[in-house]
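Every number in this text was worked out from the coordinates using simple rules, so none of it is lab data. None of these values were measured; they are calculated from a predicted model. Don't worry about glycine lacking a Cβ; one is built from the backbone with ideal geometry, like all the others, and counts go over all protein chains shown.
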There are 2 protein chains.
Amino acid sequence: MNVTLSEFLASSNERVDKVLDSLVPAANVEPRRLHQAIRWSMFAGGKRIRPCIVYAAGETFGADAEFLDRTAAGIEMIHTFSLIHDDLPAMDDDDLRRGRETCHKKFDEATAILAGDALHVMAFQTIAEDSSLCSDLRIRLVADIAAASGTPKGMVAGQQLDLEAEGRTIRIGELENIHSRKTGALISVSARAGAMIGAAADDELAVVQTYADRLGLLFQITDDLLDVTQETATLGKTAGKDVHASKATFPGHFGVEATREMAAKVCREAGDALKELDRETSLLEEIAEMILERSR
Amino acid sequence: MNVTLSEFLASSNERVDKVLDSLVPAANVEPRRLHQAIRWSMFAGGKRIRPCIVYAAGETFGADAEFLDRTAAGIEMIHTFSLIHDDLPAMDDDDLRRGRETCHKKFDEATAILAGDALHVMAFQTIAEDSSLCSDLRIRLVADIAAASGTPKGMVAGQQLDLEAEGRTIRIGELENIHSRKTGALISVSARAGAMIGAAADDELAVVQTYADRLGLLFQITDDLLDVTQETATLGKTAGKDVHASKATFPGHFGVEATREMAAKVCREAGDALKELDRETSLLEEIAEMILERSR
């Protein structure tokens, strides 16, 4: 990560954290336990990659950060909701996340389910109430982000497919299909939303879509690599868990070395897509490289 | 229930069922198990009271039904999501709902959690993509309905407070506070949304709000009465469950007779509020009476 991206990431993190802090009810507002649980998971040292993508894609098309704040925050709320629900005993049954107790371990299952539900809907309220954007744009954002979160093409559908694939041998096409929904859809809509707020033209949005699709795939491949190659302490969650549960992963399918090569190829494809744009795209290229680097 | 309302309810039910059927992915679309679970709970003989309120409030202000369809469907999706999650083992732990297995009993817990999540977000996608309404109106609907579903003033917050109140003795103000969020908020936004689509003026919306608040309270009071006084077979869910779990209920607090009187009083207040409107409001009055009657 070069200095420019590192600075950009630090400033976008600081920015979105402030916005999130202002939007999530305080821990002393009733129901306090619910808001404490939401804050426990929301401010748990997440890397804020999705907000960073929103800000970077927006900046690429000339949008000021103040117009991107609520959309960046809304997408991070959806991401956090998905982590809380995925960690539940009935789902992936994880006790640790980012080095500390998961929401249902720290609080209880009912509170964790409701904290996820509350964050999910808070995302759409946040964007609908974004007075910095015109109604037409807000509606497009709500519709696109809802599709990326739901079914049949979004994150919730991907999690269902992932759970159903446990313990089965699946084809690579099916694996990509699962991951494009479970992880790719929200990463992808982050880039598209930023570009939309920057008033990107339709042909530009199509290019961003291609970039974003590769970025989403790259993210999942490197996430799988991290899970296999790192220790639990470094990762902050129970490492190797996906392999033990016979979950569908890229290294499980191809082996670690071939998966690393695949990641490098997908990263190049993301960068190549951006060459179609008549814009300064180094920030978006560097984000792809940063995601690749984290698995090395 | 007189003939007019009975016919209106039948026709609004038929209408919203068609809309829901066209919006929820078919059972053979992947992930099939997820869509089967959604359909299991969505088409389980629900009374569709919230859609009926949307249509009735809309008609009161002159809106054609085609402009109300998606909002009515979206609110019913949120209601169904809440039932699926409330029935989960970590929440109310119910095996029966409307006379048949709850979603997690018929399928499994993970699928039920995801079916609820999917319906929740589908509601907002449905309204955002409603091309019959202008963007300004759609955004107001998304924002209002999201607030009614979420926290700190909506349904999810109410469910959290309800769970926390189990086994404790609570004051009547607290009981009303829980129920106004858990049940009242979504009932209330149903009336307000219909009136908004009918382009009701701000002072008319304030009257609808008063009516809708009483309607929500009436709904919860009569729901509690039903739970105490009816047999499991008639009710289609495990009767008396709320009392056994020491849940906060009106009959548990006041006794059955005083609760009946309270219901009649709240119903009159709902009707009285409507007198402020210079509109034909008999449909809305009859809905309040229908809700009162069901507990007799």
Task: Footprinting exposure proxy for A:134, A:103 (fewest neighbouring C-beta atoms within 10 Å first) - done: A:134, A:103
TODO: List the DSSP H helices in chain A whose Cα atoms stretch 24 Å or more along the helix axis and whose mean Kyte-Doolittle hydropathy is at least 0.5.
DONE: A:109-128
Open item on the list: For the stretch A:148-225, I need the span (max minus min coordinate) of the C-alpha atoms along each principal axis, in Å, sorted largest to smallest.
Closed with: 45, 24, 18
- [ ] Would you give the gap between the C-alpha center of the stretch A:148-214 and the C-alpha center of the stretch A:4-41, rounded to a whole Å?
- [x] 25 Å
TODO: Rounded, prolate or oblate: pick one for the stretch A:96-227, where a ≥ b ≥ c are the square roots of the eigenvalues of its C-alpha gyration tensor, a/c under 1.5 means rounded, and failing that, prolate if a/b is larger than b/c, else oblate.
DONE: oblate
- [ ] Mind pulling the per residue volume of the convex hull built on the Cα atoms of the stretch A:165-204? Å³ is fine.
- [x] 61 Å³
Task: Stokes-Einstein diffusion coefficient of the stretch A:3-293, Kirkwood radius over Cα pairs, 20 °C, 1.002 mPa s, in µm²/s - done: 112 µm²/s
Task: Residues A:276, A:204 arranged by fewest to most Cβ contacts within 10 Å - done: A:276, A:204
Task: Inter-copy label distances at residue A:32 (7 Å, Cα→Cβ; nm, one decimal) - done: 5.0
Task: Exam field: residue B:45 pseudo-label spacings to other copies (7 Å along Cα-Cβ), nanometres - done: 5.2
- [ ] Kindly put B:286, B:257, A:129 in sequence by how many other C-beta atoms sit within 10 Å of each C-beta, fewest to most.
- [x] B:257, A:129, B:286
Task: Principal axes of the protein assembly as shown: Cα extent on each, largest first, Å - done: 72, 46, 46
TODO: State, to one decimal in nm and shortest first, how far the label point of residue B:282 sits from each corresponding label point in the other identical copies (label point: 7 angstrom along Cα-to-Cβ).
DONE: 7.5
